[in-house]
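Below is one structure, written out as structure tokens; comments come after it.
The values are calculated or read from the model by the stated rules, or taken from the named source; none is laboratory data. Here the structure is a predicted model, which means the values were calculated and not measured. Cβ placement follows ideal geometry from the backbone for every residue including glycine, while neighbour counts extend to all protein chains displayed.
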Amino acid sequence: VVCSHAATVANRRLLTAVHDGVQSLETKKPLVLGTFFDLDDDGTLDIMMITASDQDANRWSTQVVFNNFFNDAFFAKTLVLNGVCLKWCSSGEPDSPIRSPYGVNYPGASIKFTIVDTSGNKRLTQVAQLPQSNYMVRLTPYSLFGLGRTNNYIEDLFAGTTYNQSQWYRSWSGVIPNSQLVISPYQVKPGDQVDNWRIELYINVGSSAVGVLVVLLVTIFVLLVTVLVLNWLERREDKKEKDRSLHVINFDAL
């Protein structure tokens, strides 16, 4: 869709066509469909393309294109489950598998978050999980949304379901950016409070984790040396002051 002059002047659309570094998307085979998916769980959406064969249109093949473009913004990934018990409940068999049952993702769950950007402006964003169920739809089983550039935690994270009860939502505060959240709206029986809802947070350890750890250890070492040196200087001054006091007392005694 071509932007009008008024929309261009008002900066209402900021989409820019990218031509460099996208040669992997060029394919000579007939493209059947494509979808976005975070294959390596780094917060950037990769591309999966399904193409048909030139000789046989009924033979399809899948091609994966990793998104290697630099991105300095934060993200958050949420997955709302259908509310099963996140552990083997009392009704479980003794020979149940070791891994706990997680159930499946919840169609129509609502996720809303509030965050403060680097300019101090508070932004509110809301997304839906699996909003469509039509034929051949290619939606991610989770909700992935960008947080932009921020220096703070996510102030408030809201998760809502379509439960037919008085309280069908819950919120959390102080969520870490660049994390993956698994929310289970588990309730012992219908109509219970949302106190039993459980949230699990997973952080993707990036390539800079080792560097951050080294900087942290060096900072702790420098602070420790500084404290020890200041403590030694203070103890030395206290000893000198004590010696002066003893000298004055002995002189007065004479």
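How about segment 169-199: which of its residues are over 16 Å from THR114 (Cα atoms) and without any contact (Cβ under 8 Å) to a residue 60 or more places away in the chain? Talk me through it step by step, then tell me what you get.
Quick first cut of segment 169-199, residues over 16 Å from THR114 (Cα atoms) only: 180, 182-199.
VAL188, LYS189, PRO190, GLY191, ASP192, GLN193, VAL194, ASP195, ASN196, TRP197, ILE199 - these are the residues of segment 169-199 that are over 16 Å from THR114 (Cα atoms) and without any contact (Cβ under 8 Å) to a residue 60 or more places away in the chain.
Of all residue pairs spaced 6 or more apart or on separate chains, those with beta-carbon atoms under 8 Å, a first member in segment 134-153 that is at positive phi and a second member that is modelled with pLDDT of 85 or more are GLY148/PHE74; GLY148/ILE115; GLY148/ARG123.
For segment 106-124, a residue qualifies if it is of a type outside the set (Lys, Arg), surrounded by 14 or more Cβ atoms within 10 Å (Cβ to Cβ) and in a strand (DSSP E or B), and the qualifying residues are SER110, ILE111, PHE113, THR114, ILE115, VAL116.
Does LEU124 count as aliphatic (A, V, I, L, M), closer than 20 Å to ASP41 by Cβ and at pLDDT below 90? Spell out the reasoning first.
Details: aliphatic (A, V, I, L, M): yes; closer than 20 Å to ASP41 by Cβ: no; at pLDDT below 90: yes.
So LEU124 fails the test.
Condition test on THR35, is it surrounded by 12 or more Cβ atoms within 10 Å (Cβ to Cβ), touching a residue at least 40 places away in the same chain (Cβ under 8 Å), β-branched (Val, Ile, Thr) and assigned to a strand (DSSP E or B)? Give the steps one after another, and end with the answer.
Working: surrounded by 12 or more Cβ atoms within 10 Å (Cβ to Cβ): yes; touching a residue at least 40 places away in the same chain (Cβ under 8 Å): yes; β-branched (Val, Ile, Thr): yes; assigned to a strand (DSSP E or B): yes.
Judged against the criteria, THR35 is a match.
Please tell me if ASN105 is at pLDDT 85 or above and of a type outside the set (Phe, Trp, Tyr).
Values: at pLDDT 85 or above: yes; of a type outside the set (Phe, Trp, Tyr): yes.
Taking the combined requirement at face value, the residue satisfies it.
Residues in segment 109-126 that are in contact with a strand residue (DSSP E or B) (Cβ under 9 Å, 6 or more places away or on another chain) and free of Cβ contacts under 8 Å to residues at least 40 places away in the same chain: VAL116, ASP117, THR118, LYS122, ARG123, LEU124, THR125, GLN126.
Of the residues making up segment 177-193, at least one is over 19 Å from PHE37 (Cα atoms) and of a type in the set (Gly, Ala, Ser). Please enumerate the residues belonging to segment 19-32 that are exposed (fewer than 14 other Cβ atoms within 10 Å of the Cβ), assigned to a loop (DSSP other than H, G, I, E, B) and at pLDDT 75 or above. The answer is HIS19, ASP20, GLY21, VAL22, GLU26, PRO30. Residues that are modelled with pLDDT of 85 or more and either part of a strand (DSSP E or B) or under 27 Å from PRO177 (Cβ atoms) (or both): does segment 81-95 have at least one? Looking for residues that are modelled with pLDDT of 85 or more and either part of a strand (DSSP E or B) or under 27 Å from PRO177 (Cβ atoms) (or both), one finds at least one in segment 81-95, hence yes.
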